[in-house]
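One structure below.
Any read-out appearing in this document is the output of simple, stated calculations on the displayed coordinates, not a laboratory observation. Please read these numbers as outputs of a predicted model, since none were measured by experiment. Quick reminder, even Gly has a Cβ in these numbers, built from the backbone with ideal geometry, and neighbours come from all protein chains shown.
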Amino acid sequence: MADEVKPNPSEATTHDAQLLAESIDSGEVKAPKVNFDADYAAAQQLSEGVDVEAVNTPEDKTPQPEATKPEAQPTGNPEDYLELAKEVGASKNEAVTQVSDDLVQKAIDMGQAKK
């Protein structure tokens, strides 16, 4: 059952919709045909849901990650820890500075409102 749409320009929610409604009223544009029965049947199929497993192909499936447990082998060599501490700690080549209590107090003083 196909019905003809008769838009009302005064009820249009956007300017584009109003222009289209006026064009249909004047006869410049042909009014769209709407098949309510076909739309209702399509909506019923969608409301039943989509079988995701049937739609997806094997290429679409995401592989499950394998569980791995990293283990550090103990060496017992203190030199290894010194090297690591040097890498993690402050370096003269990097823009890292030491923060002293005087520097913190100076920052606090500078942040105070002037009286």
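Structure values in brief
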| item | result |
| --- | --- |
| Computed lengthening from Lys6 to Leu82, 0.36 nm per intervening residue step minus Cα-Cα distance | 19.1 nm |
| Pairwise FRET efficiency - His15 versus Asp37, Cβ, R0 = 35 Å, nearest 0.05 | 0.60 |
| Sequence-distant residues sharing a close amide H with Val29 (under 5 Å, placed H) | Ile24 |
| Potential lengthening between Thr68 and Asp25 on full extension [0.36 nm per residue; Cα-Cα distance subtracted] | 8.6 nm |
